[in-house]
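Structure first, then comments.
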Amino acid sequence: MKPAAKTEQSTGNLPRADVIPALRRLLPQECVLSRPEELAPYECDGLSAYRQVPLVVVLPETVEHVQAVMRLCHERQVPVVARGAGTGLSGGALPLADGVLLSLAKFNRILSVDTVNRTARVQPGVRNLAITEAAAPHGLYYGPDPSSQIACTIGGNVAENAGGVHCLKYGLTVHNILRLEVVGIDGKRFAVGSEALDAPGYDLLALMTGSEGMLGVIVEATVKLLPKPERAQALLAAFDDLEKAGEAVASIIATGITPAGLEMMDNPAIRAAEEFVHAGYPVDAAAILLCELDGTDAEVSEQVLRVRQLLLSGGATEVRTAEDERQRLMFWAGRKSAFPAVGRLSPDYYCMDGTIPRKELAHVLRRISEMSSEYGLRVANVFHAGDGNLHPLILYDANKEGELETAEKFGGAILELCVNVGGTVTGEHGVGTEKLDQMCVQFAAPELAQFHALKAAFDSQGLLNPGKAVPTLHRCAELGAMHVHQGKLPFPELPRF
Ligand SMILES: Cc1cc2nc3c(=O)[nH]c(=O)nc-3n(C[C@H](O)[C@H](O)[C@H](O)COP(=O)(O)OP(=O)(O)OC[C@H]3O[C@@H](n4cnc5c(N)ncnc54)[C@H](O)[C@@H]3O)c2cc1C
């Protein structure tokens, strides 16, 4: 475990204990937590290598409470970090020692389900899966399905632009929301997007999506609901070679078929998942592909035949078609529980999240395997192959001197490899605290300057989740990783270390 050393800490005016009595005057007593044992559960998110106890936690019950907290923080220059379920994997909800941790846990109501317009209005603390559960009696569901959907909230999903197995066909969070209500740092409430399919003006809905709590606090979301397909059929293909599996992914998509899900697991992940949930996976395979096809009965039947043929001609040693709904769900149960299953292989693991063009899958997987030997740490791969969204899980032991640091370096090198092949440093987990350095590799100074200008337009004092998602130009300069254009280093006056 390490303190939040990676964060560019906020305003630095410790201590701010006088804020706590002020918050108690605004909110019911039980909504303000400040004792050490009350604060401890909030000290990290899913990236538990980084921890920081916040100054205070508030659990507002109404939008007016959120507004009052934001106004107070704005007046007193106190930073605010919003938190959903804390399942984020990039340290986005990591608290600040001198800041307020604003939990949306009490905003857990589904306000309405509109079956005619196929939408739902929900509070931000509603769990992702709860939306689908509420829509199911109407034959509808909410498309984006992160593996953490049993716990993560829609507010956190919007803030991270979360993805999932079904996003290949049905889009990420940004494609599945219509409207948000947001409270700005000055306490003012505003709406972005609209209930209609389009909204005039700048696309602030897209901007707010993936903004990692840095532009405002989401207090309501209107999401799209999809009709449940007539039929969903899952196939499992085994390969004796990881690269062949990677090539098969590219060839399926190239035919014009868009599976509802197309996921890959390598041997360590297959074994871990099989031991954990007994999904019936072939444990000797070098890789498996899980492919789900959905649509009308006729459509699915035709696509199953074509994909089966493609998989076999791409070198699959075995292709199974789920015989019934129970088996289909078992195929997916292994994939959905792969992260916790891999957690049983090693005391700790570090989940990376980079995206690459699909055609680079085979090459990048081979490089990751070589890097695993170079860094001396094992890797399990389980990921959204159809989207080219990799999740190498680097296995390490935090109790062994230097292993966390090696895992971080290895992870950073994987992300830089993604950028080098034309990809990005995150597919769905966000930048948070974790990937600030790699943002310096992904973006040049003028692009980062635009990000900072945008942030300033919403939050000129930098009080909303400061130090996350967008690195300072100084940080990039220190890393010496700024892009050099035409032989010139941007901002040459900045000191390099
Ligand atoms: C086992 C496991 C599997 C996972 N699988 C996936 C996956 O398949 N796909 C995927 O995309 N992610 C996945 N994740 C990551 C994580 O679940 C997602 O990033 C999720 O969207 C985070 O939601 P949360 O409610 O936990 O948000 P938190 O972790 O609490 O917060 C995440 C970010 O959102 C901000 N935030 C939260 N609520 C609000 C709000 N109301 N207003 C403004 N900002 C807010 C926070 O400040 C923070 O920056 C997985 C995580 C785990 C642990």
Next item on the list: For the range 87-226, give the magnitude of the charge dipole about the Cα centre (Cβ charges: +1 Lys/Arg, -1 Asp/Glu; no others), in debye to the nearest 20.
Entry: 300
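So what is the relative contact order of the range 102-183, in percent, for Cα pairs below 8 Å that sit 6 or more residues apart? Intermediate results must be reported in sequence, preceding the final value.
Values: 121 pairs, mean separation 18.5, N = 82.
Contact order relative to length: 23 percent.
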Next item on the list: Please label the shape of the range 258-410 as rounded, prolate or oblate, based on the square roots a ≥ b ≥ c of the eigenvalues of the alpha-carbon gyration tensor (a/c under 1.5 means rounded; beyond that, a/b larger than b/c means prolate, else oblate).
Entry: prolate
Item checked: Selection from S34, Y50, A238, by position along the positive dipole direction of the chain (Cβ) -> S34
Notebook entry, point to check: Tell me, what is the 1.4 Å probe accessible area of L89, in Å² to the nearest 10?
Noted result: 40
Check: Measuring with a 1.4 Å probe in the full set of protein chains, what accessible area per residue, in whole Å², belongs to the chain?
Finding: 40
Note to self: As an exercise, identify the GluC sites (Glu not before Pro) in the range 301-330 lying in DSSP coil whose Cβ has no more than 14 other Cβ atoms within 10 Å.
What the structure shows: E323
Check: Do you know the relative contact order of the range 181-250, to the nearest whole percent, from alpha carbon pairs under 8 angstrom that are 6+ apart?
Finding: 30
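Compute the signed sum of charges (Lys and Arg +1, Asp and Glu -1) over the other residues within less than 15 Å, Cβ to Cβ, of P227.
On the way: positive: R118, K169, K224, K228, R231; negative: D114, E230, D294, D297, E299.
Computed value for this residue: 0.
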Checklist line | Inter-label distance for E370 and L345, nm, one decimal - labels placed 7 Å from Cα along Cα-to-Cβ | finding: 2.1
Margin query: Report the gain in length on full extension from S460 to T255: 0.36 nm times residue separation, minus Cα-Cα distance, nm rounded to one decimal.
Written below: 69.0 nm
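Treating only the Cβ of Lys, Arg, Asp and Glu as charged (+1, +1, -1, -1), what charge dipole size does the range 254-294 show about its Cα centre? Round to the nearest 20 debye. It would help to have the intermediate numbers written out before the result.
Working: 1 positive and 7 negative charges, 12 e Å.
Here the range 254-294 has a charge dipole of around 60 debye.
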Margin query: Using a 1.4 angstrom probe on the protein heavy atoms only, could you order L329, L454 from most to least accessible area?
Written below: L329, L454
Check: Could you list log10 I(q)/I(0) for the range 137-258 at q = 0.11, 0.23 Å⁻¹, which the Debye formula gives when each Cα is one point scatterer?
Finding: -0.50, -1.34
Next item on the list: Find out how many positive minus negative residues lie around G184, taking Lys and Arg as positive, Asp and Glu as negative, among other residues whose Cβ is under 15 Å from that of G184.
Entry: -2
Margin query: What figure, in Å² to the nearest 10, do you get for the accessible area of R271 with a 1.4 Å probe and non-protein molecules left out?
Written below: 110
Check: So what's the back-of-envelope 222 nm ellipticity for the chain, counting only DSSP H runs of four-plus at -39500 (n - 2.57) apiece and dividing by all residues, rounded to 500?
Finding: -10000 deg cm²/dmol
Check: Can you give the relative contact order of the chain as a percent, counting alpha carbon pairs under 8 Å and 6+ residues apart?
Finding: 14
Margin query: I'd like the accessible area for E38, computed on protein heavy atoms only with a 1.4 Å probe and all protein chains in place. Round to 10 Å², please.
Written below: 50
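How would F451, F107 rank on accessible area, largest to smallest, probe 1.4 Å?
F451, F107
Rounded if a/c is under 1.5, else prolate if a/b is larger than b/c, else oblate: which is the range 98-173, with a ≥ b ≥ c the root eigenvalues of its Cα gyration tensor?
Details: a/c = 2.26, a/b = 1.35, b/c = 1.67.
Taking the square roots of the gyration eigenvalues as a ≥ b ≥ c, the range 98-173 is oblate.
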Notebook entry, point to check: For the range 441-457 and the range 246-320, what is the separation of their C-alpha centers, rounded to whole Å?
Noted result: 40
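Looking at this model, which pairs from K228/K455; K336/K435; K106/K400; K336/K359 are more than 30 angstrom apart at the alpha-carbon? Before the final figure, lay out the partial values.
On the way: K228/K455 39 Å; K336/K435 24 Å; K106/K400 39 Å; K336/K359 25 Å.
Over 30 Å Cα-Cα: K228/K455; K106/K400.
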Next item on the list: Work out the charge dipole of the chain with +1 on the Cβ of Lys and Arg and -1 on the Cβ of Asp and Glu about the Cα centre, then indicate which of G99, V116, L262 is farthest towards its positive end.
Entry: G99
Note to self: If you roll a 1.4 angstrom probe over the protein chains with everything in place, what fraction of the accessible area of the chain belongs to carbon and sulfur, to the nearest %?
What the structure shows: 53
Item checked: Label-point separation in nm, E75 to R35, each point 7 Å along Cα→Cβ -> 2.9
Notebook entry, point to check: Do any cysteines in the chain lack another Cys Cβ under 4.7 Å, and if so which?
Noted result: C31, C44, C73, C152, C167, C291, C351, C418
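Would you calculate the volume per residue, in Å³, of the smallest convex hull containing every Cα atom of the chain?
Details: hull volume 79.3 nm³, N = 497.
Per-residue hull volume (Cα only) is 160 Å³.
The values are calculated or read from the model by the stated rules, or taken from the named source; none is laboratory data. Values in this document were obtained by computation on a predicted structure and should not be read as measured data. Because the Cβ atoms are built from the backbone with ideal geometry, glycine has one as well, and the counts that use them run over all protein chains shown. Surface accessibility is based on the protein's heavy atoms, side chains included, excluding ligands, DNA and RNA. Shrake-Rupley method; radii C 1.70, N 1.55, O 1.52, S 1.80 Å.
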